[in-house]
Every structure is written in C-alpha cells, then in structure tokens.
1. Taking springs between alpha-carbon atoms closer than 10 angstrom, which of LEU167, LEU245, LEU212 fluctuates most in the Gaussian network model of the chain?
2. Dipole of the chain (Lys/Arg Cβ +1, Asp/Glu Cβ -1, origin at the Cα centre): which of MET185, VAL121, PRO27 lies farthest to the positive side?
3. Only four residue types carry charge here, +1 at the Cβ of Lys and Arg and -1 at the Cβ of Asp and Glu. Report the dipole size of the range 234-337 about the Cα centre in Debye, rounded to the nearest 20.
4. Taking θ = phi - 60°, what integer Hz values does the Karplus form 6.51 cos²θ - 1.76 cosθ + 1.60 yield along the range 48-61, in sequence order, with x for Gly and Pro?
5. Take the range 136-251, drop everything but the C-alpha atoms, weight them equally and run the Debye formula without solvent; then report log10 I(q)/I(0) at 0.12, 0.21, 0.23 Å⁻¹ to two decimals.
6. Which percent of the Cα-Cα distances in the range 9-335 go past 30 Å?
7. Would you mind checking the tilt of helix 210-222 against the longest principal axis of the Cα atoms of the chain, expressed as 0 to 90 degrees and rounded to 10?
8. In the range 77-182, what GluC sites (Glu not before Pro) fall in a loop by DSSP, with at most 11 other Cβ atoms inside 10 Å?
Amino acid sequence: MTGTPRPRTVLLTGASGVVGRSILREPTALRLLAATHSAPAPEADGRRIRCDLTADRLGLEKEEYTALAGEVDAVIHSAGLTEWGLPAERYRPINIEGTRRVIEFARHAGATVHFMSTAFVAALAETAPVALSEGNMCRNYISSKWEAERLLRDSGIPHTVFRPTNLVGDSATGWTSKGQIVQLMSDWICRGRAPFLPAHAGIRMDFVPQDLLSKAVLRAIEQDVSEGEFWVTYGAEAMDMDASLRVLAKHAAYLGRDLTIPPVVDPDTLTAEQLAGLRPMVRNYVAVLRDVSEVTRCSGGVLPSSMPELRTRFGVPLVDDATAYLRSLEYASAHLS
C-alpha cells in the first residue's frame, strides 16, 4: 500500500518582492519554500529560508545546502535588482552572478528553473527595428536580464523564461505589495504635474496584472513544463496612449480632480534646453517616460506576446487591461499613498 505522494517542492527566490509575494497569494498544490535575504514575506504560510544569492551556496552552510537540494524539484527565480538607472556593475552581483548560483543549485538538485526576466529584452534583440541608445536608463537593467537568460541557455539545465512587461496590481482587487513604476508615474500625471508626455507614435501602453504572471508560472510547474519562453504581455491587445489617458482621467475624477490631459510629444523632438528648463523632479519623471517609450519603440512599438498561449495552455484568465489598470490605481491611492 503506497502512501500519498508528497507535493512537489519549489524554492521561490525573491519571495519578499512584488512578484514573489503575488506568487505566494495564489492557490496551488505545490509546496513553496519562501527564500528571502532580509525583508519578510508575509504571505508565506510554509517554510521560510534565508538565502543570499550573492554568496556561495546561496549563503547556506554546506549541510543545509545539500539537504535543501535534496528537497527541491523546481526553482522560481524571481530575485533581482529591478531599479532602473543604475551603473551596470550594480546589477551584476544579484541579477547575473545570482542567477549563476541558482543554476549551480538547480544542477545539484536536478531541478527545473523558471526565470522571471523582462519583456524589455526585446529591445536588445538582433531583430530590433531601432537600436536602443546607450544612455537609456533601462539599458543596464535589461542587459543584466539578457545576460542571465544567456547563462540559462548555455547551462543545459531544464528551464523556462517568463518575460513580463510592467506589472500592475491584482486583476480582481488591484492589490500589490508595493507601488510599481506604473502606479507612481500615473499618480504623478493624475496630480497634474506633467507638462507633457513624451511617447513615440503608435506604441502600446502594455501593463499586465501581476497575478496573471503568478498563475502562469505556477500552472507551468504543476504541468511539469521544463522548457519555453513566455512573453507575459498584452502585445497588440494592449491599450494605446489615448485609452490609457482615458483611464487616468477617470481615476483623477474618482479622486475629485479635474485633470487636464497634458499634450503628447515625440520624444525625439525634445531638446536638451527644453529638458534643462524643467524642475529636477519633473525632468526625472519625463526622462523615465521618454526612455520607456524608446524601449517600446525598439521592441517594434508593440511587445511580443504569449498571452493567447498562456490562456489556453495555463488557464490564465481573460482580463481587460484598462479595467485592471484602473483597479490598480484605485488600490494604490487608497493603500499605498
């Protein structure tokens, strides 16, 4: 008489981050081990492990490392430095060398790695219609994810790559553990602080609810998927600029503000003198919008998308992006401001 088989065990790196905490909120039969460095992971209802991806053996003693490898069937690697605008060397210890250590652990464990990359790597592809400028504030971050993907490809270990675009809150509730760049920039615009909005013609405002990513990766592990690259984006379904501005106007009205929509300008027409004339904080926000628009343009204006496959293969729900965007803004205004 055989006993009930144990649930598959998954090591979740970056469990205290936005993606990690969203994954921990999703129902699953998998046994999740929440690995964090210092910040807590409140949603973890199972075992917590303190790991340091910048140290050998993930910062664990040899015996503990070996024992952990003996338990783990898969790794969700979501730990990483995601802040934009930093020197390239700042990303290397965690985004690149940390991924190398995860690969070493997975090889020792015989585990599949499910890596959380970024859809922005499309801007660095050889097929990119326009070259991404060296000074783009996203470039060093994107390059670190690109290099981490290369390490996985060259490693020979079973792995998948999930490439989400900018994430917003939960599709049903708007919940997020931390305000992301989309919520921060949207709040700034809704406060009437933007003198203009730099955006290349025809690009899409591609924002995906974080739970769609969480559902996709967990269903992939439950189905024992061990290869594939998945673009977690809306692609051609994503809002255009006019649709996103209508969401912002609706949210501003919800907050009791009469928002005058700022003009949309071609970022390539902006001069150094125009930018220099802005207040420092305004100049920084405008620079973020300009550089993100450039990334999208270099990706073809519309990001590659695996959303139809994610829906049919992994049961990711059909969610209207404008509705989810609005819910995310409402949640952020009520709980994160």
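1. Among LEU167, LEU245, LEU212, the largest mean-square fluctuation in the Gaussian network model of the chain belongs to LEU245.
2. Comparing the listed Cα positions along the dipole, PRO27 ranks first.
3. On the way: 10 positive and 13 negative charges, 64 e Å.
For this selection, approximately 300 debye.
4. 10, 10, 8, 10, 10, 6, 8, 10, 4, 6, 6, x, 9, 5
5. Taking Cα atoms of the range 136-251 as identical point scatterers yields -0.57, -1.36, -1.47.
6. Percent of Cα pairs beyond 30 Å in the range 9-335: 34.
7. The answer is roughly 20 degrees.
8. Details: sites: GLU83, GLU89, GLU97, GLU104, GLU126, GLU134, GLU147, GLU149; in loops: GLU83, GLU126, GLU134.
Within the range 77-182, the qualifying GluC sites (Glu not before Pro) (loop, at most 11 other Cβ atoms within 10 Å) are GLU83, GLU126, GLU134.
Each reported figure results from applying straightforward, stated rules to the coordinates on display, with no laboratory input. On a predicted model such as this, the values are computed, not experimentally measured, just so you know. Please note: Cβ atoms are built from the backbone with ideal geometry, for glycine as well, and neighbour counts cover all protein chains shown.
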